[in-house]
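Colleague: Questions regarding the structure given below will be posed in turn.
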Amino acid sequence: MILHGSLAIWIRDMQVLRRAIFSELVAVVAYPLTIYLAFGIGMQGYIGAVEGSPYGLFIAPGLITMTAVNAAYNESVWSLWFHRRVQFTVESYRVTPISVSEIIIAKICTGFTHGIIKGCAVGLVIFAITPFRFPLEHLLSYLVFLIPGSALFSCAGVISGTVMDKPETIGKVEAVLVMPLIFMSGLFFPLSSYPAAVIPWVRALPTTALFEGARRALVSGDMSLMYVLQVSLSALVLFALAVGIFRRKMAE
Amino acid sequence: MPTAAIIARSLTKQYAALTALNSFDLEVAQGSIFGLLGPNGAGKTTLIRILTTLMRQSSGEVFIQGLDTRTAGRQIRSMIGVVSQENSLDRYLTARENLVLHARLHGMDKQLYSRRIDELLELMGLAGRQKDFPDTFSGGMQRRLVVARALVHQPQVLFLDEPTTGLDPQSRRAVWDYVRSLAGSMTIFLTTHYLEEAEQLCDRIAIMDHGRLIALGSTQELKDRLSGTTVYEIEFERNVASYAALLKAMACVRTIDAKDNLLHVTLECWECLSEIVTALNGAPVRRISLKERTLEDVFISLTGAGVRE
Ligand SMILES: Nc1ncnc2c1ncn2[C@@H]1O[C@H](COP(=O)(O)OP(=O)(O)OP(=O)(O)O)[C@@H](O)[C@H]1O
Ligand SMILES: [Mg+2]
């Protein structure tokens with residue numbers, strides 16, 4: 001497949017992102033930072049250590065991961081909806097000699113890039129205001145999770161933005177599905193807090209593999225290959241689904 | 001003989017229970033300007049979407065420059081320019097960036113597209129505003145930008161879906177002038193609700209309704225088709241009723257219609273006119289004129305006067 005179409009659209013998206021990068025970053029850093037200040041610092045004394053780490057350190061990786069995947073999901077879902085339903089730009093791409101798959105691949109890459117950039121921005125801010133320092137290997141192993149994680153959520157966003165025609169529906173799905181999935185995946189508390197019977201189910205979720213795996217990689221440097229595979233395979237499956245669903249929608 | 005630019009054969013499109021296109025046949029000659037007229041919901045946009053490979057037909061076939069839309073979509077799209085009914089400009093990109101993106105999607109080289117875009121912006125009178133965003137443009141400027149975008153890659157066939165809807169007469173004329181200047185260098189297929197537009201621009205006109213082609217020909221052919229007969233309008237100073245009775249009795253008068261001081265007279269043939277003039281010798285006639293049929297008369301007579309839901 002020739003991907004010059006994907007490249008052209010991705011460059012367009014980056015051009016638009018670059019123009020608004022400052023306000024985007026301020027907006028995206030504000031939320032995790034507030035949570036970090038409230039829980040990681042404000043509540044730290046009441047919570048104490050979780051799994052041997054101070055609470056601030058326990059939630060920091062999850063906040064970065066959350067920012068990244070949220071940014072990836074949001075960018076993909078809204079951008080696809082906007083370009084399809086409001087601006088009709090997808091139509092204008094479709095009358096040029098590029099394939100429908102190239103369009104959707106571009107949008108997935110854009111969501112992914114937003115995730116990585118915004119995740120890193122929050123990471124830098126959190127590291128700047130905390131005393132925690134991580135060795136380079138830990139940071140690299142953390143990236144091994146962040147990359148497929150952002151891809152996974154970008155694909156999920158693209159699917160939502162393809163199948164949902166109304167903005168209200170997008171908001172509802174985010175409130176009912178995406179946020180709970182993120183919050184219940186061990187962002188604020190260890191999995192051991194769940195009743196024993198529930199744990200295997202929670203572990204089966206790719207979001208759990210992502211949040212648990214990423215935290216362990218960053219805090220203690222232990223790489224769970226199982227978790228990496230789980231996240232990466234889910235991302236691949238969603239990628240195939242996203243391309244398929246978008247092609248079907250466009251053929252209507 | 002070169003193949004026609006656009007060929008559609010028994011094209012049908014079904015949206016669930018609704019038949020939006022019903023065994024539609026069409027042929028558009030290379031280099032011509034073809035106009036498609038039809039009331040709201042007639043199926044014009046549906047037809048353009050199929051011709052431009054955006055949508056699959058339910059049955060029938062379409063060839064653009066001899067290529068089948070079902071199998072050669074990418075190749076066809078590299079040769080066509082499309083101005084859709086909705087404004088599909090990217091409002092987060094400047095006017096120039098909109099054109100650059102389009103050129104890149106067509107795989108054009110930078111040297112090639114930069115020059116071409118300069119030319120087009122100049123031609124469309126947008127050069128001074130190229131760094132501005134389209135939502136700061138007037139409707140006419142936006143439309144011109146969309147037309148420019150469709151021309152960046154020098155298409156062989158240009159599709160325009162209602163290119164001048166919502167424009168003021170000046171902007172409309174500017175678009176017409178430009179379309180006319182393109183004539184011959186590419187095939188142009190446009191849809192419109194403005195009969196004057198079709199009449200001014202198009203070599204051939206098709207009228208469609210309820211997904212069917214109901215008339216096809218040059219403006220003149222369509223007008224002739226409506227009336228094999230000619231209608232004359234005669235204005236009297238007084239005594240309209242008595243002259244109406246006089247004319248009605250004549251063999252060469254087919255129908256007669258009186259209204260205030262006016263008579264509308266349909267003749268069997270134009271040669272009868274001298275007989276009428278003789279019969280009216282000495283009558284208080286103010287004016288005799290030929291009542292020209294307009295394309296609008298043709299359109300209304302073919303598609304009915306009722307408003308579409
Ligand atoms: N995606 C769709 N699903 C179902 N019906 C559709 C769809 N698109 C169009 N239609 C129907 O098909 C018919 C033809 O629509 P189309 O848009 O082709 O008309 P048109 O001639 O372009 O009208 P207008 O002059 O208003 O633009 C209409 O009855 C319309 O409601
Ligand atoms: Mg239409």
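The values are calculated or read from the model by the stated rules, or taken from the named source; none is laboratory data. Since the structure is predicted, the reported quantities are computational estimates derived from the model, not experimental observations. When we count neighbours, we look across all protein chains shown, and the Cβ atoms used for this are built from the backbone with ideal geometry, even at glycine. With ligands, DNA and RNA removed, areas are computed over all heavy atoms of the protein, side chains included. Shrake-Rupley method; radii C 1.70, N 1.55, O 1.52, S 1.80 Å.
Colleague: Specify the residue that is least open to solvent (accessible area, probe 1.4 Å); the eligible residues are those in the stretch B:94-112 that are at the interface with chain A (Cβ under 7 Å from one of its Cβ atoms) and assigned to a loop (DSSP other than H, G, I, E, B).
Modeller: Across the stretch B:94-112, the extreme among qualifying residues is B:His106.
Colleague: If you don't mind, there's one more thing I want to ask. Tell me whether the stretch A:66-78 contains one or more residues that are within 14 Å of another protein chain (Cβ to nearest Cβ) and on the phi < 0 side of the Ramachandran plot. Let's see the steps before the verdict.
Modeller: Taking the stretch A:66-78 first, the residues within 14 Å of another protein chain (Cβ to nearest Cβ) are A:75, A:78.
Narrowing the set further to residues that are on the phi < 0 side of the Ramachandran plot leaves A:75, A:78.
Yes.
Colleague: Is it fair to say B:Arg9 is within 14 Å of chain A (Cβ to nearest Cβ) and farther than 21 Å from B:His153 by Cβ? Give the derivation first.
Modeller: Numbers: within 14 Å of chain A (Cβ to nearest Cβ): no; farther than 21 Å from B:His153 by Cβ: yes.
No, not satisfied.
Colleague: Being part of a loop (DSSP other than H, G, I, E, B) and either away from chain A (no Cβ under 14 Å) or open to solvent by less than 20 Å² (accessible area, probe 1.4 Å) (or both) is the filter here, so list the residues in the stretch B:36-54 that pass it. Can you show your working first?
Modeller: Going through the stretch B:36-54, the residues part of a loop (DSSP other than H, G, I, E, B) turn out to be B:38-43, B:52-54.
The answer is B:Gly38, B:Pro39, B:Asn40, B:Gly41, B:Ala42, B:Gly43, B:Thr52, B:Leu54.
Colleague: Scan the stretch B:35-58 and report the pairs whose first residue is farther than 21 Å from B:Arg204 by Cβ and in contact (Cβ under 8 Å) with a residue 60 or more places away in the chain and whose second residue is open to solvent by 20 Å² or more (accessible area, probe 1.4 Å) and within 11 Å of ligand 1 (Cβ to nearest atom), with Cβ atoms within less than 7 Å and a gap of 6+ or a chain change.
Modeller: The qualifying pairs are B:Asn40/B:Arg308; B:Gly41/B:Arg308.
Colleague: Let me ask another. Please specify each residue of the stretch B:12-33 satisfying the condition of being assigned to a strand (DSSP E or B) and away from ligand 2 (no atom under 16 Å from the Cβ).
Modeller: Restricting attention to the stretch B:12-33, the residues satisfying the condition of being assigned to a strand (DSSP E or B) are B:12-15, B:18-28, B:33.
Selection gives B:Thr12, B:Gln14, B:Thr19, B:Asn22, B:Ser23, B:Asp25, B:Leu26, B:Glu27, B:Val28, B:Ile33.
Colleague: Of (1) at pLDDT 85 or above; (2) open to solvent by less than 70 Å² (accessible area, probe 1.4 Å), B:Ala249 satisfies all except one. Which?
Modeller: All conditions are met except number (2).
Colleague: Looking only at the stretch A:71-93, decide whether some residue is out of contact with any Leu (no Cβ under 9 Å at 6 or more places or on another chain), surrounded by fewer than 18 Cβ atoms within 10 Å (Cβ to Cβ) and touching a residue at least 24 places away in the same chain (Cβ under 8 Å).
Modeller: Checked against the condition, which is being out of contact with any Leu (no Cβ under 9 Å at 6 or more places or on another chain), surrounded by fewer than 18 Cβ atoms within 10 Å (Cβ to Cβ) and touching a residue at least 24 places away in the same chain (Cβ under 8 Å), the stretch A:71-93 yields at least one hit.
Colleague: Output the residues belonging to the stretch B:60-79 that are more than 16 Å from ligand 1 (Cβ to nearest atom) and either at the interface with another protein chain (Cβ under 9 Å from one of its Cβ atoms) or within 30 Å of B:Val298 (Cβ to Cβ) (or both).
Modeller: We begin by selecting, within the stretch B:60-79, every residue more than 16 Å from ligand 1 (Cβ to nearest atom); these are B:61, B:63-79.
Across the stretch B:60-79, the qualifying residues are B:Glu61, B:Phe63, B:Ile64, B:Gly73, B:Arg74, B:Gln75, B:Ile76, B:Arg77, B:Ser78, B:Met79.
Colleague: When you scan the stretch B:34-53, how many residues do you find that are within 6 Å of ligand 1 (Cβ to nearest atom) and not aliphatic (A, V, I, L, M)? Don't jump to the end; show me each part of the working.
Modeller: Restricting attention to the stretch B:34-53, the residues satisfying the condition of being within 6 Å of ligand 1 (Cβ to nearest atom) are B:38, B:40-46.
Now drop any that are not not aliphatic (A, V, I, L, M), which leaves B:38, B:40-41, B:43-46.
Total satisfying the criteria: 7.
Colleague: Within 14 Å of chain A (Cβ to nearest Cβ), part of a loop (DSSP other than H, G, I, E, B) and in contact with a Leu (Cβ under 6 Å, 6 or more places away or on another chain): which single residue out of B:Gln57, B:Gln85 fits that description? Steps first, please.
Modeller: Working: B:Gln85 fails: in contact with a Leu (Cβ under 6 Å, 6 or more places away or on another chain).
The match here is B:Gln57.
Colleague: Follow-up. Keeping to the stretch B:191-217, report how many residues are over 16 Å from B:Arg180 (Cβ atoms) and not basic (Lys, Arg). Please lay out each step first, then the result.
Modeller: Keep residues of the stretch B:191-217 that are over 16 Å from B:Arg180 (Cβ atoms), which gives B:191, B:193, B:195, B:206-217.
Still in the running and not basic (Lys, Arg): B:191, B:193, B:195, B:206-211, B:213-217.
Final tally of qualifying residues: 14.
Colleague: For the stretch A:220-252, name all the residues that are farther than 29 Å from A:Ile103 by Cβ, assigned to a helix (DSSP H, G or I) and among the hydroxyl-bearing types (Ser, Thr, Tyr).
Modeller: A:Tyr227 - this is the single residue of the stretch A:220-252 that is farther than 29 Å from A:Ile103 by Cβ, assigned to a helix (DSSP H, G or I) and among the hydroxyl-bearing types (Ser, Thr, Tyr).
Colleague: Now for a different question. Scan the stretch B:60-76 for residues that are aromatic (Phe, Trp, Tyr) and either outside any strand (DSSP E or B) or surrounded by fewer than 17 Cβ atoms within 10 Å (Cβ to Cβ) (or both) and report the count. Lay out the reasoning, then the answer.
Modeller: Taking the stretch B:60-76 first, the residues aromatic (Phe, Trp, Tyr) are B:63.
Pick out the ones that are also either outside any strand (DSSP E or B) or surrounded by fewer than 17 Cβ atoms within 10 Å (Cβ to Cβ) (or both) and you get none.
So the count comes out to 0.
Colleague: Hey, any hits in the stretch B:67-82 for a residue that's within 16 Å of ligand 2 (Cβ to nearest atom) and under 13 Å from B:Leu151 (Cα atoms)? Working first, answer last.
Modeller: Looking only at the stretch B:67-82, we keep the residues that are within 16 Å of ligand 2 (Cβ to nearest atom), and these are B:82.
Remaining after also requiring under 13 Å from B:Leu151 (Cα atoms): B:82.
Scanning the stretch B:67-82 turns up at least one residue that is within 16 Å of ligand 2 (Cβ to nearest atom) and under 13 Å from B:Leu151 (Cα atoms).
Colleague: Working carefully through the options B:Leu182, B:Leu145, B:Leu120, find the one that is within 14 Å of chain A (Cβ to nearest Cβ), open to solvent by less than 40 Å² (accessible area, probe 1.4 Å) and of a type outside the set (Lys, Arg).
Modeller: One residue alone meets the criteria, B:Leu145.
Colleague: Being aromatic (Phe, Trp, Tyr), surrounded by fewer than 17 Cβ atoms within 10 Å (Cβ to Cβ) and within 23 Å of the chain's Cα centre (by Cα) is the filter here, so list the residues in the stretch A:1-51 that pass it.
Modeller: At the first step, the residues of the stretch A:1-51 found to be aromatic (Phe, Trp, Tyr) are A:10, A:22, A:31, A:36, A:39, A:46.
So of that shortlist, the ones also surrounded by fewer than 17 Cβ atoms within 10 Å (Cβ to Cβ) come out as A:22, A:31, A:46.
Answer for the stretch A:1-51, where residues must be aromatic (Phe, Trp, Tyr), surrounded by fewer than 17 Cβ atoms within 10 Å (Cβ to Cβ) and within 23 Å of the chain's Cα centre (by Cα): A:Phe22, A:Tyr31.
Colleague: Which of the residues that make up the stretch B:148-162 are in contact with a Lys or Arg (Cβ under 9 Å, 6 or more places away or on another chain), more than 16 Å from ligand 2 (Cβ to nearest atom) and either of a type in the set (Gly, Ala, Ser) or open to solvent by less than 10 Å² (accessible area, probe 1.4 Å) (or both)? Let's see the steps before the verdict.
Modeller: Initially, the stretch B:148-162 is screened for residues in contact with a Lys or Arg (Cβ under 9 Å, 6 or more places away or on another chain), giving B:151-154, B:161-162.
Imposing the further condition that a residue be more than 16 Å from ligand 2 (Cβ to nearest atom) reduces the set to B:151-154.
Scanning the stretch B:148-162 gives B:Leu151, B:Val152.
Colleague: Could you list, in sequence order, the residues of the stretch B:1-24 that are more than 10 Å from ligand 1 (Cβ to nearest atom), open to solvent by 10 Å² or more (accessible area, probe 1.4 Å) and under 19 Å from B:Asp161 (Cα atoms)?
Modeller: Initially, the stretch B:1-24 is screened for residues more than 10 Å from ligand 1 (Cβ to nearest atom), giving B:1-12, B:22-24.
Keeping just the survivors that are open to solvent by 10 Å² or more (accessible area, probe 1.4 Å) gives B:1-4, B:7, B:9-10, B:12, B:22-23.
Result: B:Ile7, single match.
Colleague: I want to confirm something. Restricting to the stretch B:128-140 and keeping residues that are open to solvent by less than 30 Å² (accessible area, probe 1.4 Å) and assigned to a helix (DSSP H, G or I), which single residue is farthest from B:Glu162 (Cα to Cα)? Write out each step before concluding.
Modeller: Within the stretch B:128-140, the subset open to solvent by less than 30 Å² (accessible area, probe 1.4 Å) is B:134, B:137, B:140.
Pick out the ones that are also assigned to a helix (DSSP H, G or I) and you get B:134, B:140.
Numbers: B:Pro134: 19, B:Gly140: 13 Å.
So the residue we want is B:Pro134.
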